[in-house]
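Comments concern the structure below.
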Amino acid sequence: VASHRLPGAGPAVVVHGGAWDIPDEALQAHREGLRRAVGVGRRLVERGTRALDVATEAVAVLEGHGAFDAGCGAMLNQDGEAELDAGLMDGASGDYGSVMAVRRLPEPVRVARRLLDAGKGRVRMLAATGAERFAEAQGMPLVDNDALVSARERRRYERLRSEAEARHPSASFLPGASGERLGDTVGCVVRDADGHLAAATSTGGTPFKPPGRVGDSPLPGAGFYASPRAAAGATGWGEAIAGVVLSREAVAAVESGTDVETAARHGLAAMHERVASPDGKGATGGLILADAAGRAAWAHTTPRMAAAGWSADAGAPWVEIGERSAG
Ligand code: ASP
């Protein structure tokens, strides 16, 4: 497990842009997007914006950026369509909202944010056309799916499709059947000026997923979680993350006194031990974590993870592509 701790404490923003073997040629775009998102988050925190809204805005920046597997950069499903999941949670109240398998929402995290309030606790998660109808009724923009399909992802889709057909037509429903292990989900945890916490996550899911597939990202406890004491966001192989309820586990560890960096490391190590991926190796992923004091960390078991953070104490934001040394 590789891990990093954000220097300082107090108000803090941590964003990530996925944990996987991020290719060299994608690093600059990842850094640029993260820098922008953490900059927006920082300005909002400094203005006294509440954690939940800071996390929403930072994730919306990443959805709109194009470099990541979210919003207009999303990887495509087997039908060649972008199908998005997003969710967020307010640590102070325990309220959450999420949308999943949506195809017409350019910024699903904003719809999840709206649902958190408008659902009034009676509805917290909406799927597919149900979420799109909610957004429309709220006066939020709907787009054609084409608007969310980038040229880069269309090319990836064509390649994966031809590979899947050549290899074993019936096996193409298996995630990772292509041999590509990708995870470019985005997320954010925030500790605001009042000491409140929030977490938000958004994704296009796994490449060439079967239509309707939902991973960890829109599930509270799995892809994101926030309590009065800690907030977490996860990325990586969603089927494994959901099975170990990774974000809740990390938050629970902090609540019982573990420091954020150790909690993130332990959560990922436990998942790696407990869940085997189809290749027989342990499941991998990444986590961002912050506590009520504003101590923050991130950790990953994947070769690389893109993350950025700002802490009021430490001053200038940092942006890093973390590397896990081999072995
Ligand atoms: N966890 C996401 C999913 O399984 C993928 C990722 O993190 O990139 O949908």
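The values are calculated or read from the model by the stated rules, or taken from the named source; none is laboratory data. Remember, predicted model here, so these are calculated numbers, not experimental data. Note that we place each Cβ from the backbone using ideal geometry, even for glycine, and neighbour counts take in every protein chain shown. Surface areas here come from the heavy atoms of the whole protein model, side chains and all, with no ligands, DNA or RNA. Shrake-Rupley method; radii C 1.70, N 1.55, O 1.52, S 1.80 Å.
Data for the structure
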| item | result |
| --- | --- |
| Gly80, sole failed condition from (1) in contact with a strand residue (DSSP E or B) (Cβ under 8 Å, 6 or more places away or on another chain); (2) assigned to a loop (DSSP other than H, G, I, E, B); (3) open to solvent by less than 20 Å² (accessible area, probe 1.4 Å) | (1) |
| Residue, nearest to Val186 (Cα to Cα), within region 272-302, restricted to residues that are among the acidic types (Asp, Glu) and touching a strand residue (DSSP E or B) at 6+ places or on another chain (Cβ under 9 Å) | Asp291 |
| Matching residues, region 68-92, being in contact with a Phe, Trp or Tyr (Cβ under 6 Å, 6 or more places away or on another chain) and either within 15 Å of the ligand (Cβ to nearest atom) or on the phi > 0 side of the Ramachandran plot (or both) | Leu76, Gln78, Gly80, Gly87 |
| Residues that are part of a helix (DSSP H, G or I) and within 13 Å of the ligand (Cβ to nearest atom), drawn from region 16-40 | His30 |
| Leading residue by the ranking (nearest to the ligand (Cβ to nearest atom)) among those in region 232-248 that are within 19 Å of Arg191 (Cα to Cα) and in contact with a helix residue (DSSP H, G or I) (Cβ under 7 Å, 6 or more places away or on another chain) | Ala234 |
| Failed criterion for His4 (all others in (1) open to solvent by 40 Å² or more (accessible area, probe 1.4 Å); (2) closer than 29 Å to Ala82 by Cβ hold) | (2) |
| Residues being more than 30 Å from Ser150 (Cα to Cα), part of a loop (DSSP other than H, G, I, E, B) and either open to solvent by less than 30 Å² (accessible area, probe 1.4 Å) or within 14 Å of the ligand (Cβ to nearest atom) (or both) - total across region 186-229 | 4 |
| Some residue of region 42-57 being in contact with a Gly (Cβ under 8 Å, 6 or more places away or on another chain), within 23 Å of Thr206 (Cα to Cα), modelled with pLDDT of 95 or more and hydrophobic (A, V, I, L, M, F, W, C) | yes |
| Unique residue being within 16 Å of the ligand (Cβ to nearest atom), within 18 Å of Ala234 (Cα to Cα) and assigned to a helix (DSSP H, G or I) when the list is Ala58, Ala112 | Ala112 |
